[in-house]
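The structure under discussion appears below in the form of structure tokens.
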Amino acid sequence: MGTIAKIHEMLVSKQCSCAELTKSYLDEIEKSNGELNAYVNVTGDEALKTAEKVDKKIASGEEIGMLEGVPMTLKDNLSTKGVETTCCSKILTGYKPIYNATVWDILQSQNSVMLGKTNMDEFAMGSSCETSYFGGATNPFNTKHVSGGSSGGVASAVGANIAAYGLGSDTGGSIRQPASFCGIVGLKPTYGSVSRYGLIAYASSLDQIGPITKSVEDASIVFDAISKYDDKDSTSKGFSGDTYSSLNNDIKGMKIGIAREYLDGVRDDVKEAVLNAAEVYKSLGAEIVYFDLPALKFALPVYYIIACAEASSNLGRYDGIRYGYKTEHYNGTHDMICRTRSEGFGEEVKRRILLGTYVLSAGYYDAYYKKAQNLRGTIVKAFNEAFTHCDVILAPTVPMTAFEMGRAVSDPIETYLTDICTVPVNIAGLPGVSVPCGFNAKGMPIGMQLIGKSFGEAEILNAAYKYQQAAGENFKDTKWGVKL
Amino acid sequence: MVTREDVENIALLSKLFVPEEELDSLTQSMQEIIDFADEINKAPSSDEAFDNINNLSNVFREDEVVESYNSEEILKNAPEQAENHFLVRNRE
């Protein structure tokens, strides 16, 4: 049974009240957040208010929904009405949205208990959570190591049992990579299946919101709840049907593809764990097919060109006029805006704005941005072709395990390389789920990724669920937090 | 080749100030990233059009008047405001 179902049963059978449960989560946050730095804002009073509401409902004999009363968290780039939402940037300090992200509207209306907002790389730009204005979240398996990023705070909190689950966002791997580093499950849904309304934009054609959870079952429950059509997001499509009812389907005969390019440059311990998972699938009756996906070679530069181009445009809105930080002393409007932005943005954000402006500027547009868009088309086509040979693709999530704090800061290119296995999914708008598949010699978790066809969430979660049932020993708990 | 002048020009377009002492290291770091981005120019040229993922089409709603936010709410987050407006800057 997953964490969510377990909590639901505890509440319904009155083993504990929702207020007691929420209090124990808040106590554990208090105890461990100093070391984990997962939360940047704890909203205890609000959480307890919602918990009391749920308790009243239970006391009066009313039925409660699966997610009702379950203590959870949101990444700090998801807008929460009246609750500070900073993207972990100085430029948004003090910003309290006047509306909710649609995903939070959905979950709040189901009486989800939000414990607080969690840490992230500034504006989701980073792979270690260390570009956060508040410093990085640490890894619950070893706090000298990074949590991953950009949704590092959510992954750290869920891995450390100081949230039952959380929502993150994934532009180039920001859900799957930290989930992999922290030994838990992270689902990046198909572009368009979850509304992006209220997600503070990084790169709009790549961004997607999704769940970070302890188990595949939990990811399925949360995805089914949030994947609704929304007229406030012009690229929303919603998800028809559900993923939960097919979780336990037999996967005999399922064709699982391995693209050789995904294994290039991957560290041996990671490669071995992924290939072991392929053996598990074989024993479950699935068929493993190898194939080539040469277009993947260009995925990483294509991703950085498109993401930075979109970011340079999206982040143009931070001018010190309508919200957030404003410089104190200035001389004229241009000076005010430049000072505000120079003082408000961190180094990595500035670097990406500059790169994005460069690839969009006259003289470079054709060589970089336009070329990258063309290659994006090539990559989409290559995936479509790949799915004529197989039903899902199995790949590593990250070529390595969580590295030590401080390493990512020194070399941007080396840090960008950690995203090599995750970005293709965003480029092609496909769903991908990261699932724990082993540990390295130092006990740090390894993750594998299952990639599906467009709107193929049910298939990848089915494959992931079957794997968890067969290889549950890879879903190891940490010493932290609430023990249910 | 990324030059100091390029970086100064791009910074201006991006409305960012780059302190003189950071200009050289930033130029070098931009050059490294551009070299890395240049990988794509090794790809065979394709005219694969990309305008959309998953055949999504823009969603437009009917042009009806719906409830929105009042100006007081909208102004809540403004660092400075005056007479129910955003204050861009004070007059010199």
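Worth pointing out:
- The mean number of partner chain beta-carbon atoms within 10 angstrom of a residue's beta-carbon across peptide A:179-190 is 0.
- In nm, spacing of pseudo-spin labels at A:GLU63 and A:GLU385 (7 Å Cα→C-beta vector): 5.0 nm
- Here the convex hull built on the C-alpha positions of the protein assembly as shown has a volume of 157 cubic angstrom per residue.
- Relative contact order of chain A, taken over Cα pairs closer than 8 Å and 6 or more residues apart, is 19 percent.
- Principal-axis tilt of helix B:23-37 within chain B, Cα atoms, nearest 10 degrees: 80 degrees
- Note on A:293-299: average number of Cβ atoms from other chains within 10 Å of each residue's Cβ is 2.
- Values of log10 I(q)/I(0) for region A:57-122 across q = 0.14, 0.16, 0.20 Å⁻¹ run -0.46, -0.57, -0.78, by the Debye formula with one identical scatterer at each alpha carbon and no solvent.
- GNM on chain B, alpha-carbon springs under 10 angstrom: the most fluctuating residue among B:ILE53, B:ILE74, B:ILE33 is B:ILE74.
- Cα→Cβ-extended label distance, 7 Å offset, between B:ASN70 and A:SER313, nm: 3.6 nm
- Full extension of the chain segment joining B:PHE60 with B:GLU39 gains 3.7 nm, where the gain is 0.36 nm per residue of separation less the Cα-Cα distance.
- Mean Cβ count within 10 Å, highest first, over the residues of peptides A:83-95, B:75-87, A:210-222: A:210-222, A:83-95, B:75-87
- Calculated FRET efficiency, B:ARG4 to A:GLU30, Cβ-Cβ distance, R0 = 35 Å: about 0.10 to the nearest 0.05.
- Shielding score for A:345-354, defined as the mean number of other chain Cβ atoms within 10 Å: 4
- Cβ-Cβ distance of A:ALA367 and B:LEU12, R₀ of 22 Å, FRET efficiency by 1/(1 + (r/R0)^6): the value works out to about 0.55.
- Relative to the dominant Cα principal axis of chain B, helix B:4-13 is inclined by about 20°.
- Pair B:GLU80, A:TYR229: separation of 7 Å Cα→Cβ label points (nm): 4.7 nm
- Overall shape: prolate for region A:266-333, with the ratio a/c of the largest to smallest alpha carbon gyration tensor axis at 1.5 or above and a/b above b/c.
- Straight-distance crosslink candidates among aspartates and glutamates, where the alpha carbon sits under 13 Å from A:LYS57 and sequence neighbours closer than 8 are dropped: A:GLU68
- Enclosed volume per residue, in Å³, of the convex hull spanned by Cα atoms of region A:353-484: 167 Å³
- Charged side chains reduced to their Cβ positions (Lys and Arg at +1, Asp and Glu at -1) give chain A a dipole of some 480 debye around its Cα centre.
- Of A:LYS228/A:LYS370; A:LYS297/A:LYS381; A:LYS214/A:LYS252; A:LYS81/A:LYS483; A:LYS214/A:LYS271, those spanning more than 21 Å from alpha-carbon to alpha-carbon: A:LYS228/A:LYS370; A:LYS214/A:LYS252; A:LYS81/A:LYS483; A:LYS214/A:LYS271
- Amide proton proximity set for A:GLU287, modelled H, under 5 Å, gap of 5+: A:GLY253, A:MET254, A:LYS255, A:ILE256
- Chain A: DSSP helices with Cα axial extent of at least 15 Å and average Kyte-Doolittle hydropathy no lower than -0.5: A:216-226, A:268-283, A:299-314, A:347-360, A:371-386
- Sequence ranges A:239-251, A:42-54, ranked by mean other-Cβ count within 10 angstrom, highest first: A:42-54, A:239-251
Every number here is computed from the coordinates shown, using simple stated rules; none is lab data. Keep in mind that this is a model prediction, so the values were computed, not measured. In this analysis, Cβ positions are derived from the backbone assuming ideal geometry, glycine residues included, and neighbour counts consider all displayed protein chains.
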